[in-house]
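The values are calculated or read from the model by the stated rules, or taken from the named source; none is laboratory data. Because the structure is predicted, anything quoted here is derived from the model rather than measured. Ideal geometry is used to build each Cβ from the backbone, glycine not excepted, and the neighbour counts take in all protein chains shown. Surface accessibility is based on the protein's heavy atoms, side chains included, excluding ligands, DNA and RNA. Shrake-Rupley method; radii C 1.70, N 1.55, O 1.52, S 1.80 Å.
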Amino acid sequence: MEQRHLGRTGLRVSRIGLGTLTWGRDTDDQAAAEQLKTFWEAGGTLVDTADVYGGGEAEYLLGQLVGGLVPRDDLVIATKAGSVRAPDRRVDGSRGHLLAALDDSLARLGTDHVDLWQIHGFDPHTPLEETLQVLDQAVASGRARYAGVAGFSGWQLAKAATWQLAGPGVRTRLASTQMEYSLLQRGVEREVLPAALDLGVGLLPSSPLGRGVLTAKYRSGVPADSRGASETLAAFVEPYLDDASSRIVDAVTTAANGLAVTPLQVALAWVRDRPGVAAPVVGARTSAQLTEALSAETLSLPEEIRRALDDVSAPVHRYPDQDWSTL
């Protein structure tokens, strides 16, 4: 699998990443092992997790597999910290919480460092410089090799990345930002992606298959074994089961039929090759689904198909992104 630099750093990652959102919850030990082995054998390196996935079980399960099943040095392990389930806040970016969370993650993963440590959201209750100083401390201590963020809006990303660049040699530049990005969700193109491109931050798209909808499996209803039928994930899928999404899925299916590939491969190749994208992170239910996603490695969309998909999925960005006189 082709390797790409993550942002303007020396860290190289496979241009498709493996997500572990459902590990330890909907994905059991055996299925996780099959996925990791399949991913590694295909040349994949970037494995993305978080301290809250499965209540910590995703990290623990990954830690049990690394070393015995797959060599630790062959993987780029990325995890996240900061997301909390509290009645008064969703993100805790305080120094105390983040440092404790990093130690807990390392213990569950069974490693002395993570390759990429990401703040799992913007905390409006903690000074941003305090949160960013924790990234510096984690890298300086060797517990993290690189640092990034997730779920930051355009202005939040620009502020954080600029702050880090203002102290070269002292502060750790942001290597990545993780945001949802697909043919069904192109909102990052408004502010986040331009900021990332300008500041040298690599984008790691989550849900690159539109929460599974771009595989075209929902065209005739909700399959009983799909995430859309899952008690925990049905509400996650439902927003993309509307008419607008259906038109985009139809276009993806038409392109796939013309290229003799699957809708999944078309959708993944589209987002993988967007400007600024380092590696879309794919979460699969089975190793067979993952194998299909990894087969997109050999697919490059013809320019005319890419333009057609751009057009059918184009987001509406008016003022101030376009000429005010058109309003």
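Two numbers describe the Cα atoms of segment 183-223: Rg and Dmax, which are 13.9, 43 Å. Here the Gaussian network model covers the chain, with springs between Cα atoms less than 10 Å apart; of 112, 136, 242, 242 fluctuates the most.
Charge tally around residue 208: other residues with Cβ under 9 Å, Lys/Arg +1 each, Asp/Glu -1 each, net 0. Element breakdown for segment 40-117 at a 1.4 angstrom probe: carbon and sulfur atoms account for 47% of the accessible area. If R0 is taken as 35 Å, the Cβ-Cβ distance between residue 319 and residue 288 corresponds to a FRET efficiency of 0.15. Accessible area per residue for the chain is 44 Å², calculated with a 1.4 Å probe on protein heavy atoms, without ligands, DNA or RNA. Over the chain, DSSP H runs of length four or greater, each weighted -39,500 (n - 2.57), average out per residue to a 222 nm ellipticity of -11000 deg cm²/dmol.
Structure remark: mean-square fluctuation, Gaussian network model of the chain, C-alpha springs under 10 Å; the largest value among 189, 303, 238 belongs to 303. The residues 113, 125, 97, sorted by heavy-atom accessible surface at 1.4 Å with ligands and nucleic acids left out, run 125, 97, 113 from largest to smallest. Dividing the convex hull volume of the alpha carbon atoms of segment 221-327 by its residue count gives 155 Å³ per residue. Once both labels are positioned 7 Å from their Cα atoms along Cα-to-Cβ, the gap between residue 26 and residue 73 label points is 3.7 nm. Which percent of the accessible heavy-atom area of segment 212-327 goes to carbon and sulfur, probe 1.4 angstrom? Heavy-atom surface of segment 212-327 belonging to carbon and sulfur, 1.4 Å probe: 52 percent. Just 121, 82, 68 to compare: in a GNM of the chain, with alpha carbon springs under 10 Å, which one fluctuates most? In this elastic network of the chain, the residue with the biggest mean-square fluctuation among 121, 82, 68 is 68.
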